[in-house]
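Colleague: I have a structure here, written as structure tokens, and I will follow up with some questions on it.
The values are calculated or read from the model by the stated rules, or taken from the named source; none is laboratory data. On a predicted model such as this, the values are computed, not experimentally measured, just so you know. Reconstructed Cβ throughout: ideal geometry from the backbone, glycine too, with neighbour counts over all protein chains shown. To get the accessible areas, we keep the full protein, side chains included, count just its heavy atoms, and leave off ligands, DNA and RNA. Shrake-Rupley method; radii C 1.70, N 1.55, O 1.52, S 1.80 Å.
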Amino acid sequence: PRLRQRYMHTEKRRVVLDTNIVISAFISQFGAAAQIFEMFLEGNIINYTSEEILQEAEEVIHRLEFTEYIADKKFMIDNLRKLSLIINVTSNEMIVREDPADDKIVNCALDAGADIVSWDNHLLKLKKFRNVKIISPKEFLL
């Protein structure tokens, strides 16, 4: 008889990292956001994103107020683009009334079947939308 190999199925956590998490990871290299970004770089979590989210990250990272905090902007953007799964978002829900720009994060998570990791209070106060959990970096690391 043939021996059957048994594979352990360990699915990686699927997330949509909000832009504020990526920025925070580079501002404070010892915080929760930095730990999560490190997990992403090591391939321990799967980050889903869209071109719209990537454009926002690139725009935000080049703002004057972050110039002194983030030395290697190219590293950050290149890895975010290279290591994330970039999807074409088809959901078009309008959920975040206080900040409609955050809808792109929710819609990406809906299409990816992923949870959102964010510091954004507009998102965090939702806690959940459909099957998407919206959690802070500290909650994610628990």
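Colleague: Report, by chain and number, residues whose modeled amide H sits under 5 Å from the one on Ser50, excluding near sequence neighbours (fewer than 5 apart, same chain).
Modeller: Those lying under 5 Å, H to H, from Ser50 are Ile87.
Colleague: To continue, here is another question. In debye, nearest 20: dipole of the chain around its Cα centre with unit charges on the Cβ of K, R (+) and D, E (-)?
Modeller: Value, rounded to 20: 1000 debye.
Colleague: With every protein chain kept in place and ligands, DNA and RNA left out, what is the accessible area per residue of the chain? Probe 1.4 Å, answer in Å².
Modeller: 63
Colleague: If you don't mind, another one. For segment 39-142, what % of the accessible area comes from carbon and sulfur atoms, probe 1.4 Å?
Modeller: 51
Colleague: Can you compute the label reach from Thr67? Point 7 Å from Cα along the Cβ direction, backbone N cut-off under 20 Å, restricted to segment 13-46.
Modeller: Flagged as within label range: 23-24, 26-28.
Colleague: Of the beta bridges DSSP finds with both residues in the chain, what % are antiparallel, to the nearest 5?
Modeller: Rounded to the nearest five, the antiparallel share is 15 percent.
Colleague: Here's something else I'd like to know. Could you sort out which of Lys73/Lys125; Lys12/Lys82; Lys73/Lys128; Lys73/Lys127; Lys12/Lys138; Lys82/Lys104 sit more than 26 Å apart by Cα distance in this structure?
Modeller: With Cα atoms farther than 26 Å apart: Lys73/Lys125; Lys73/Lys128; Lys73/Lys127.
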